[in-house]
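The values are calculated or read from the model by the stated rules, or taken from the named source; none is laboratory data. Quick caveat: nothing in here was measured; it's all calculated off a predicted structure. Please note: Cβ atoms are built from the backbone with ideal geometry, for glycine as well, and neighbour counts cover all protein chains shown.
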Amino acid sequence: MNAAEDRLSKSDPAPDVLFSAGQIAARVDALADEIAFHPHLKNAGSGPGSILAVCALRGAFVFAADLVRALSSRGIDPEVAFLQVESYGAGTRPSQPVRLVRDLEVGIGDRPVLLMDDILDTGNTLEFLTRHLDDRGARTVTSAVLLDKAARREISVEADFVGFDCPDHFVVGYGMDAGGRYRGLPYVGTLPGVRA
Ligand code: IMP
Ligand code: MG
């Protein structure tokens, strides 16, 4: 446990550490190595005409920030864009069909897209977003998720890149929330007593 995790553990309630800040940093770095050599992305060049890196708000904003910086140090400098979907409401289970609440503010224009999301869970969000980006004209859609909860899949969809296989628990931190809390935690944790 590092100093930040130790400080947080003294406040109430303290999520239990599932993936530490150090583990996440090392894994994001390794993911950037893999992504930089993906055939859809490796020769795309840099800047606005090249790759479009799309962050699915809100939960993926920390993962996306770390991943694009790791990519930058490997010579990949994508344009970054955001969209937002919702299916959870305030609960810990998807309570409604996935809906787009904020669309991209830039055109895709036949570019390869790197889609970044926090968790692949039932699969509905990734399937929805991949279809949406395809419909908007993406040349290719390559997906990277920090966590994969394979046990909860409802439809057959996989990410191209996965940070960690995640047990069937509701998780918070590193961008992810429970009812609006915990997004700023530097680690991924579980809330005692809360099941996925
Ligand atoms: P899916 O559509 O069921 O695959 O869910 C994907 C989305 O649900 C993710 O992008 C997250 O925003 C959210 N989600 C799923 N599981 C969790 C969790 O354990 N904690 C926080 N958000 C979650
Ligand atoms: Mg999400």
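Just a few scattered comments:
- Filter pass, D117 being at pLDDT 95 or above and more than 8 Å from ligand 1 (Cβ to nearest atom): no
- Looking across region 16-50, the residues that are modelled with pLDDT under 95, farther than 14 Å from F161 by Cβ and either touching a strand residue (DSSP E or B) at 6+ places or on another chain (Cβ under 9 Å) or assigned to a helix (DSSP H, G or I) (or both) come down to A44, G47, P48, G49, S50.
- Residues that are within 27 Å of G179 (Cα to Cα) and either within 16 Å of ligand 2 (Cβ to nearest atom) or touching a residue at least 12 places away in the same chain (Cβ under 8 Å) (or both) are absent from region 35-51.
- Any pair with Cβ under 8 angstrom, 6 or more apart, that starts in region 54-79 at a residue that is part of a strand (DSSP E or B) and ends at one that is surrounded by fewer than 18 Cβ atoms within 10 Å (Cβ to Cβ) and modelled with pLDDT under 95: E79/G47; E79/P48; E79/S50; E79/V106
- Taking region 93-196 and the strands (runs of 3 or more DSSP E) fully enclosed by it, the elements with 1 or more residues that are closer than 23 Å to H38 by Cα are at 112-120, 140-148, 161-165.
- Condition met for G137 (on the phi > 0 side of the Ramachandran plot and either of a type in the set (S, T, N, Q) or within 8 Å of ligand 1 (Cβ to nearest atom) (or both)): no
- So T142, is it within 10 Å of ligand 1 (Cβ to nearest atom) and of a type in the set (S, T, Y): no
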